[in-house]
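Engineer: The structure under discussion is supplied below as structure tokens; questions concerning it will follow.
What follows draws every value from the coordinates through simple rules; no lab data is involved. All figures in this text were calculated on a predicted structure; none of them were measured in a lab. So basically every Cβ, Gly included, is an ideal-geometry build from the backbone, and we count neighbours across all protein chains shown.
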Amino acid sequence: MAESMRGLHRTCRCAEVTEQMIGSTATLMGWVQKVRNIGGVIFVDLRDRSGIMQLLFENDERGVNSADFEKAAGLRSEFVIAATGVVEARGGEVNKSLATGALEMRVKSFRILSESDVPPFEVKEDSKTRDEVRLKYRYLDLRRPDIQRNIMLRSKVAMLTRQFFAKEGFLEIETPMLGKSTPEGARDYLVPSRIHPGCFYGLPQSPQLYKQLLMCSGYDRYIQIARCFRDEDLRADRQPEFTQIDMELSFVDVDDVIDVNERFLAFLFKEVLDVDVPLPIQRITWQEAMDRFGSDKPDMRFGMELHDVSDIVKNCGFGVFTGALEAGGSVRGINAKGQGGMPRKKIDKLVEFVRGYGAKGLAYIAIGEDGTVKSSFAKFMTDEEMSALISAMEGENGDLLLFAADKKKLVYDVLGALRLELAEQMGLLDKNEYRFVWVTEFPLLEWSEEENRFTAMHHPFTMLMEEDIDLLDTDPGKVRAKAYDIVLNGNEIGGGSVRIHQDDIQEKMFEKLGFTKEQAHEQFGFLLDAFRYGVPPHAGLAYGLDRLVMLMAKVDSIRDVIAFPKVKDASCLMTKSPSEVDEKQLEELHLEIRKDTEAAQE
Ligand code: ASP
């Protein structure tokens with residue numbers, strides 16, 4: 001029977017009991033982890049979010065009465081109990097894996113606050129339970145100590161973020177969830193309006209427009225831990241709603257944003273993980289990141305950089321290389337140090353791997369420890385050409401050289417991905433190492449084959465580098481933006497830009513993006529209007545909080561740092577959302593479900 005809390009007060013959490021408390025009385029409350037009944041003594045591991053405390057029940061004058069002893073014998077996993085007793089040094093063996101492993105509490109009295117059905121899985125660290133079961137019973141899964149640590153770490157990150165930015169003079173300002181649908185790259189989640197038939201709100205993909213308006217309104221330093229929504233295509237480990245640490249600053253340029261943010265990161269990593277982040281954080285341009293690492297979010301924990309060998313092979317006899325170059329492409333390679341003895345089967349796997357990235361193949365040179373060379377294309381090359389290529393790759397005995405030849409972008413993608421795959425296989429990725437890098441000077445525009453026009457790489461309000469302004473007319477693809485990403489161990493954890501605050505440049509930008517004046521006004525009119533009344537130069541940045549916490553918690557899935565995550569198809573297995581709604585609700589919203597949709601649902 002469930003008893004009440006009347007007259008009871010918890011004195012502390014389980015793992016907050018210390019040796020100094022030996023001899024004193026404490027009242028602990030929590031969940032039964034485990035019961036061990038060894039005849040005259042019953043041991044119960046009591047769990048709360050701080051950890052575990054061992055309770056000892058004995059039926060004698062120092063312990064509980066017979067009725068309570070009987071009751072203790074009936075305790076099962078996940079019962080919620082309150083126990084009052086005396087803290088003692090542990091009689092039996094000390095458990096070194098617990099903070100309270102040298103202590104126990106001799107129970108004098110206790111209450112069962114609630115009982116529990118047999119749970120569908122045991123609540124314990126690193127349980128091997130299937131994801132579907134874990135997420136269906138998320139409230140139990142959230143009791144697991146490892147998940148609780150993640151959620152507590154997340155709370156600490158949010159708290160320290162607010163603390164840091166408040167000290168720096170930032171104001172926390174909320175922006176609407178029900179906003180205007182403005183395509184910002186991804187698809188919007190829409191909310192139908194009951195009062196305005198046929199009209200919809202859009203849930204924010206980010207507070208971008210609002211935070212720029214706040215700068216127009218003079219708040220000069222804004223921060224928000226903001227929920228964002230993007231209805232993107234299904235992909236593992238992507239959440240339809242996610243959280244940003246979002247900020248905007250007035251009267252600043254790139255260096256100012258970078259400065260405050262690297263001090264923030266150093267503060268956060270020191271406070272949470274006791275990790276020193278050396279400042280300033282290294283900066284590389286987008287072009288350099290692509291050339292050296294084949295990626296705009298390079299993992300800097302290891303080398304294995306790309307080598308451009310186009311010039312070396314341009315006149316060689318290997319048609320795959322020369323063909324790619326004649327078509328305007330590029331030939332580049334990476335040197336997997338010490339992998340020259342890789343078995344053929346494993347190399348074939350790498351070939352398969354790069355095919356997944358659109359490569360037609362992968363050329364290789366394997367240099368044996370004794371200097372013998374095996375290569376997929378040696379027969380097309382002269383000895384001189386081969387040795388020139390090997391020396392350009394800084395190839396030494398025991399190395400494996402891998403080459404991609406194709407359009408430049410594809411070569412970057414393929415070798416960038418291959419570099420990471422090899423690093424993983426070679427054990428070069430240390431989760432305890434945190435390497436940050438700023439990637440700057442992103443291209444402003446990106447050509448979309450699909451839409452046959454330029455699209456904004458960051459967003460349409462991103463300022464271009466002053467020295468590239470003339471290129472906007474002559475060679476728009478070459479224009480660099482005042483945009484920056486902060487990358488941690490190969491993950492983009494944040495990004496932002498200086499914004500355009502000059503209307504002539506903004507107009508030109510819209511024109512390049514293929515917006516007519518009317519379209520631009522239809523979508524962003526309020527922002528453009530606001531800019532007519534005195535707009536300060538401004539810039540900002542947003543972090544993906546979920547990913548940042550995931551890296552700090554050293555876990556592999558973003559779901560392990562979100563209390564109630566959704567699965568790949570954007571549904572929640574616990575609440576079973578999204579779900580159908582009543583006819584009446586639809587009617588009020590002036591909506592009708594199409595017949596073919598109904599059929600598809602069935
Ligand atoms: N709103 C941008 C984003 O969500 C970040 C920024 O430019 O501040 O990526």
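Engineer: Would segment 210-310 count as rounded, prolate or oblate if I go by the C-alpha gyration tensor, calling it rounded below 1.5 in a/c and otherwise prolate when a/b exceeds b/c, oblate otherwise?
Structural biologist: The shape class here is prolate.
Engineer: About the Cα centre of the chain, how large is the charge dipole given +1 on each Lys and Arg Cβ and -1 on each Asp and Glu Cβ? Please answer in debye to the nearest 20.
Structural biologist: About 2060 debye.
Engineer: From the phi of every residue in segment 351-367, what ³J(HN,Hα) in whole Hz does the Karplus formula 6.51 cos²θ - 1.76 cosθ + 1.60 yield, where θ is phi - 60° and glycine or proline is x?
Structural biologist: 4, 4, 4, 6, 4, x, 9, x, 6, 7, x, 9, 8, 9, 10, 9, 9
Engineer: Of L591, I223, L573, whose Cα points farthest to the positive end of the dipole of the chain (charges on the beta-carbon: +1 Lys, Arg; -1 Asp, Glu; origin at the Cα centre)?
Structural biologist: L573
Engineer: Using the crude model of +1 on Lys and Arg Cβ and -1 on Asp and Glu Cβ, and no other charge, please compute the dipole size for segment 184-231 relative to its Cα centre, in debye to 20.
Structural biologist: It works out to roughly 100 debye.
Engineer: Now for a separate question. Can you work out ³J(HN,Hα) from phi for every residue in segment 40-53, in order, using Karplus 6.51 cos²θ - 1.76 cosθ + 1.60 and θ = phi - 60°, giving whole Hz and x for Gly and Pro?
Structural biologist: Those phi angles translate into x, 10, 10, 9, 10, 8, 9, 10, 9, 5, 7, x, 10, 10 Hz.
Engineer: If you take the square roots of the eigenvalues of the alpha-carbon gyration tensor of segment 1-104 and sort them as a ≥ b ≥ c, do you get rounded (a/c under 1.5), prolate (a/b over b/c) or oblate?
Structural biologist: Cα axes put segment 1-104 in the rounded bin.
Engineer: Using 1/(1 + (r/R0)^6) with R0 = 41 angstrom and r between the beta carbons of E449 and V191, what's the FRET efficiency to the nearest 0.05?
Structural biologist: The calculated FRET efficiency here is 0.80.
Engineer: Continuing with this model, one more query. Considering the options T11, L551, I173, tell which one lies farthest towards the positive end of the dipole of the chain, charges being +1 on Lys and Arg and -1 on Asp and Glu at the Cβ, about the Cα centre.
Structural biologist: About the Cα centre, the residue reaching furthest to the positive side is T11.
Engineer: Only four residue types carry charge here, +1 at the Cβ of Lys and Arg and -1 at the Cβ of Asp and Glu. Report the dipole size of segment 540-602 about the Cα centre in Debye, rounded to the nearest 20.
Structural biologist: My answer is approximately 580 debye.
Engineer: What number, in percent, do you get for the relative contact order of segment 317-424 if the mean sequence gap of Cα pairs under 8 Å and at least 6 apart is divided by its residue count?
Structural biologist: 42 percent
Engineer: Would you order C199, C572 from fewest to most other beta-carbon atoms within 10 Å of each residue's own beta-carbon?
Structural biologist: C199, C572
Engineer: Relative contact order for the chain: what is it in percent, counting Cα pairs under 8 Å that are at least 6 residues apart?
Structural biologist: Value for the chain: 13 percent.
Engineer: When a/c is below 1.5 the answer is rounded, else prolate if a/b is larger than b/c, else oblate, so apply that to segment 244-293 with a ≥ b ≥ c taken from the square roots of the Cα gyration tensor eigenvalues.
Structural biologist: Judged from the Cα gyration tensor, segment 244-293 comes out oblate (a/c at least 1.5, b/c at or above a/b).
Engineer: Picking from G63, F164, G198, whose Cα lies most toward the positive end of the charge dipole for segment 60-207 (charges on Cβ: Lys, Arg +1; Asp, Glu -1)?
Structural biologist: Sorting the options by dipole projection puts first G198.
Engineer: Given contacts defined as C-alpha pairs under 8 Å and at least six residues apart, what's the relative contact order of segment 43-198, whole-number percent?
Structural biologist: About 18 percent, as a whole number.
Engineer: Another question, then. Can you work out the Karplus-derived ³J(HN,Hα) for every residue in segment 426-437? Use 6.51 cos²θ - 1.76 cosθ + 1.60 with θ = phi - 60°, whole Hz, and x for glycine or proline.
Structural biologist: 8, x, 8, 9, 9, 5, 8, 9, 10, 10, 9, 8
Engineer: So how far, in whole Å, is the C-alpha centre of segment 388-429 from the one of segment 1-65?
Structural biologist: Result: 58 Å between the Cα centres.
Engineer: GluC sites (Glu not before Pro) within segment 165-239: which are DSSP loop residues with at most 11 other Cβ atoms inside 10 Å?
Structural biologist: Passing both the DSSP loop test and the Cβ count: E174.
Engineer: Quick one: length gained pulling M159 to R6 fully straight, 0.36 nm per residue minus the C-alpha distance?
Structural biologist: Full extension of this stretch gives 51.8 nm more.
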